[in-house]
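The values are calculated or read from the model by the stated rules, or taken from the named source; none is laboratory data. Here the structure is a predicted model, which means the values were calculated and not measured. Here Cβ is always computed from backbone atoms with ideal geometry, including for glycine, and neighbour counts include all displayed protein chains. In case anyone asks, the SASA skips ligands and DNA or RNA and just uses the protein heavy atoms, side chains included. Shrake-Rupley method; radii C 1.70, N 1.55, O 1.52, S 1.80 Å.
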Amino acid sequence: MSTFVPPEPPLFAVASPREKGARIVTDVLAPAHLVIALLLLVGAHSADGWSGAGWGLLAASFCGVVPIGIIALGVRRGTLTDKHVRIRRQRVVPLAASLLSVLAGVALLYALHAPAEVCALVVAMLGGLLSALAVTVWWQVSLHNAVAGGAAMILVLVFGPALLPFAAAVPAAVGWSRLALRAHTPAQVAAGTALGGVCALVFTLLR
């Protein structure tokens, strides 16, 4: 069982330039933000016109918007310390609740005959959440890097290898930010990035 407890990040006003940069990267490239952006991009790619973006938006509601709401509610009630849920033992409940939301999204998308790529991506996210929840019970892994790593690989699979430099920069930047803030150890960042491969593998098999 992991005993790692990340320190509370410094207030932005008194943080060093390096810490401020890391805070900005961590906040902008937060898991839910990447999930929403990825679903909108893949949705738009999956069908012509606005219909594809609509499917992506529907999926993003279950996979990104609802999880943001769950965490925001936990922070407001005081059951979660912060929006990034830095304390491992606090992660189980929001992860499990997000899992139920994604599961509902999967059921709805298949019932409505959504494009195959969108369905495959949401099922992949479901697999990633299940894996993350299983690991979180006993060890702290970087969820930021899990999502960033999976998103990077899926972007390349969908849009081609020309996107590789940009896609690879995302998990690299996220990993740097998590280490700079001492939110994770190098092993936790590496394991999170590898966990993202679960999503990419499931997406590849189902698309």
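Couple of notes before you dig in:
- GNM result for the chain, Cα springs below 10 Å: residue of ALA120, ALA44, ALA111 fluctuating most strongly: ALA111
- Value of relative contact order over the chain, rounded to a whole percent, pairs C-alpha under 8 Å and six or more apart: 27 percent
- Per-residue ³J(HN,Hα) for the range 198-207, Karplus 6.51 cos²θ - 1.76 cosθ + 1.60, θ = phi - 60°, Hz, x for Gly and Pro: 4, 4, 4, 5, 4, 4, 4, 6, 9, 5
- The accessible-area ordering, largest first, of the residues VAL122, VAL170 stands as VAL170, VAL122, per a 1.4 angstrom probe.
- Highest to lowest packing among 84-96, 180-192, scored as the average C-beta count within 10 Å: 180-192, 84-96
- Put simply, the range 12-113 fits an ellipsoid with semi-axes of 29, 19, 8 Å; these come from the alpha carbon gyration tensor as the roots of five times its eigenvalues, largest first.
- Å² per residue, accessible surface of the range 78-207 at 1.4 Å: 42 Å²
- Three-way shape call for the range 88-166 based on the alpha-carbon gyration tensor, with the a/c threshold at 1.5: oblate
- Solvent accessible area, Å² - VAL202, 1.4 Å probe, full protein context: 40 Å²
- When the helices of the chain are scored as -39500 (n - 2.57) per DSSP H run of n ≥ 4 and the total is divided over every residue, the value at 222 nm lands at -24000 deg cm²/dmol.
- Accessible area of the range 60-191 belonging to carbon and sulfur atoms, whole % at 1.4 Å probe: 75 percent
- The C-alpha atoms of the chain define a longest principal axis, and helix 31-46 lies at about 20 degrees to it.
- Phi to ³J(HN,Hα) by Karplus 6.51 cos²θ - 1.76 cosθ + 1.60 over the range 158-166, Hz, x for Gly, Pro: 7, 9, x, x, 4, 8, 4, x, 5
- Cα-based shape type of the range 68-206, given that a ≥ b ≥ c are square roots of the gyration tensor eigenvalues and the cut on a/c is 1.5: oblate
- Residue ranking by accessible heavy-atom surface, 1.4 Å probe, largest first, among THR81, THR136, THR3, THR193 comes out as THR3, THR81, THR193, THR136.
- Listed residues VAL5, LEU40, ALA30: farthest to the positive end of the dipole of the chain (Cβ charges): VAL5
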